[in-house]
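The values are calculated or read from the model by the stated rules, or taken from the named source; none is laboratory data. If you're wondering where the values come from, they're calculated on a predicted model, not measured in any experiment. Neighbour counts run over all protein chains shown; Cβ positions are idealised from the backbone, glycine included.
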Amino acid sequence: MPTKAFLDTTILTDALLKQNEQGRCARTAVSRYDITELPTYAIKEFKAGPLRNYVWFYNKVVSLSSWEDAVATIPSVRRQFNKMSTALQALADFEGSISKALPSDFITKHPGRTMGEIKKKEAEVWLKTKIFYAWMQRRHLATNVVEPLSCYEERDPVINKHRLIIDKPVHCPTDDCCLRSQFTGKSALTAELFKACESLPAKAETTKRRQILRQLVRHPERPLEDKDCRNLGDAVFALQCPKDAVILTTNMADHSILAAAAGVSAEHP
Ligand SMILES: [Zn+2]
């Protein structure tokens with residue numbers, strides 16, 4: 001029997017955006033399976049989360065007057081932990097890439113510029129390349145992209161006349177997301193996922209996920225808003241994962257429990 005993995009957003013993110021060991025680990029793990037499937041929901045989460053955080057940092061580098069200002073803006077989002085850590089990761093990867101170059105190369109390429117000006121310009125190009133390359137590769141990591149979302153438009157990011165990246169839309173522009181019928185169509189499984197939330201790590205994310213699964217069980221006719229679609233998060237992978245596949249993820253704490261409730265299993269790269 002061929003081996004099959006259903007990839008979650010953590011794997012897509014590590015494989016496409018990280019230069020470090022985590023990135024290599026994700027890419028190697030993906031290549032171990034005969035077949036890999038990536039649900040469109042992972043692309044939606046990737047664009048609204050990690051990629052958006054790269055775009056945020058890129059736009060800061062372009063719009064602020066100096067490299068120091070761009071770097072100094074990172075701690076200003078410390079309350080948004082994921083955004084700050086993604087920006088720091090991007091900064092570390094950028095520093096890693098330029099540290100391998102010779103200073104004389106930059107002096108030839110940017111005559112008469114200060115180090116700060118050179119870094120700002122190089123970071124702009126590096127981040128832009130990273131963002132557009134990752135977006136371009138999103139549908140090439142897995143063997144197949146599956147489970148299309150009819151209410152979500154997977155539009156390419158663009159650059160405006162001020163060199164800023166516009167990445168909208170990142171949401172489902174609808175009052176009733178297509179995931180509602182997917183969940184209510186499998187009511188027994190949805191009820192199992194709801195029950196499994198009791199065993200998930202106690203955090204705000206779990207509370208929100210539990211609330212929306214409860215709504216899907218008790219009031220299946222109630223419209224599912226975009227924020228509900230986002231809050232379902234990992235439950236979507238458990239629902240959509242084929243029975244002959246495993247969920248490949250770095251987030252075992254949530255996925256192992258939800259996958260078990262759906263009669264599949266989760267694996268770490
Ligand atoms: Zn939707």
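A few notes on this one:
- When restricted to residues that are within 12 Å of the ligand (Cβ to nearest atom) and in contact with a strand residue (DSSP E or B) (Cβ under 6 Å, 6 or more places away or on another chain), the range 128-184 contains 1.
- Search result, residues across the range 149-162 that are loosely packed, with under 12 Cβ neighbours inside 10 Å and within 18 Å of L12 (Cβ to Cβ): D156
- Qualifying residue in the range 110-119 (condition: assigned to a helix (DSSP H, G or I) and closer than 20 Å to I159 by Cβ): no
- Subset tally (residues that are within 19 Å of V30 (Cβ to Cβ) and surrounded by fewer than 17 Cβ atoms within 10 Å (Cβ to Cβ)) for the range 257-266: 1
- A5 being buried (at least 18 other Cβ atoms within 10 Å of the Cβ) and more than 11 Å from the chain's Cα centre (by Cα): yes
- Which listed residue, of K243, K208, K227, is at pLDDT below 95 and either assigned to a strand (DSSP E or B) or not aromatic (F, W, Y) (or both): K227
- Beta carbons closer than 7 Å, at least 6 apart along the sequence or on distinct chains, pair a first residue in the range 158-182 that is outside any loop (DSSP other than H, G, I, E, B) with a second that is more than 15 Å from the ligand (Cβ to nearest atom) and among the polar types (S, T, N, Q) for I165/N59; I166/N160.
- Taking first residues from the range 58-80 that are surrounded by fewer than 18 Cβ atoms within 10 Å (Cβ to Cβ) and partners that are assigned to a helix (DSSP H, G or I) and not charged (D, E, K, R), the Cβ contacts under 8 Å between residues at least 6 apart in sequence or on separate chains come to L64/A70; S66/G116; E68/G116; P75/M84; R78/M84.
- For R209, the conditions (1) within 16 Å of the ligand (Cβ to nearest atom); (2) touching a strand residue (DSSP E or B) at 6+ places or on another chain (Cβ under 6 Å); (3) among the charged types (D, E, K, R) all hold with the exception of (2).
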